[in-house]
């Protein structure tokens, strides 16, 4: 589907974009991948990695600026929407700015994609959008709803919009693994709560989920990857076995466990071998055979959270991942 196509990635200089671009170039040989973001230094640094590859282009812009999006989307076939204000405390203290990017930016992109006749859009979401308790999660839930409803605005033969949702991305900037690695020389690791669990997904798995969404989507689906969980105390022990663990308490807006599918979503959620699919509640799309395909309806009241997961990552599996990605952890 993406072969010889033009793809634009909003927020493309982040952890996802730095993984999506080389993987997609290698697998699909697209005509062009456009990195759309507002940070010129991150673009400058990223451009060095793809020097001489004319398939990779860079475009300074902000999703808050609809006119700039219209210009950037000229001739674009597919869009991956990764731009977001996503640090939970930052969003709590700067709520207007978070809404401008995560909500207004989503509306700008949807309008621009419909008008520029983009074929398909996949928006990245987060576990925090499921039963949100902080502003970031609330804005991402709003964004998810906007992208789902965008299919009604674009019409049956217009742009298609879908969402992918996943939790803690292993080794990405600002995530727990590089954080623990950066402070382990102090001999003490802060643990918010000994019961805390997190989903574990690699950036490569996140990219593959986006590819699957492009191939599978009819429009309005939220794709949730099946991934293992791990206790934060076990993760800390693997990263720094020599360190003591000090319980410091849960931070404002932080959940004890990550949740990607809530019980209210169970009525419209279907299971597949490697993922779940939450179907839209509007326009009877939740009963659409072309969206359900071979999916199996989950039980009423089903919840997919990191504490009730049936799959858990072992210490050995995490150590193997760290050993094979050591040079990249925290750098993208």
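All of the numbers you see were taken from the coordinates with simple rules; none came from a lab. Since the structure is predicted, the reported quantities are computational estimates derived from the model, not experimental observations. In this analysis, Cβ positions are derived from the backbone assuming ideal geometry, glycine residues included, and neighbour counts consider all displayed protein chains.
General remarks:
- Summed over qualifying helices (DSSP H, 4 residues or more, each -39500 (n - 2.57)) and divided by its residue number, the chain shows a 222 nm mean residue ellipticity of -10500 deg cm²/dmol.
- The alpha carbon radius of gyration of segment 152-294, expressed as a multiple of 2.2 N^0.38 Å, is 1.30.
- Euclidean distance of C-alpha centroids, segment 1-32 and segment 33-47, integer Å: 13
- When the Gaussian network model of the chain links Cα atoms closer than 10 Å, the mean-square fluctuations of 48, 117, 31 top out at 48.
- If you run the Gaussian network model on the chain, springs between alpha carbon atoms under 10 Å, then out of 41, 170, 260 the most flexible one is 41.
- With the simple model of a label 7 Å out from the Cα in the direction of the Cβ, residue 173 to residue 204 spans 2.2 nm.
- Gained length - residue 242 relative to residue 300, 0.36 nm times residue gap less alpha-carbon distance: 16.4 nm
- For segment 275-320 versus segment 119-151, the gap between their alpha-carbon centres in whole angstrom: 16
- Label corresponding to percent of Cα pairs over 30 Å apart when calculated from the structure given, among [x] 34; [y] 30; [z] 27: [x]
- Taking all pairs of distinct alpha-carbon atoms in segment 66-150, Kirkwood radius in angstrom: 13.1
- You can think of it this way: the chain between residue 263 and residue 23 has 82.9 nm of extra reach, that is 0.36 nm per residue less the Cα-Cα gap.
- Residue with peak Gaussian network fluctuation, the chain [Cα springs, cutoff 10 Å], from 51, 205, 259: 51
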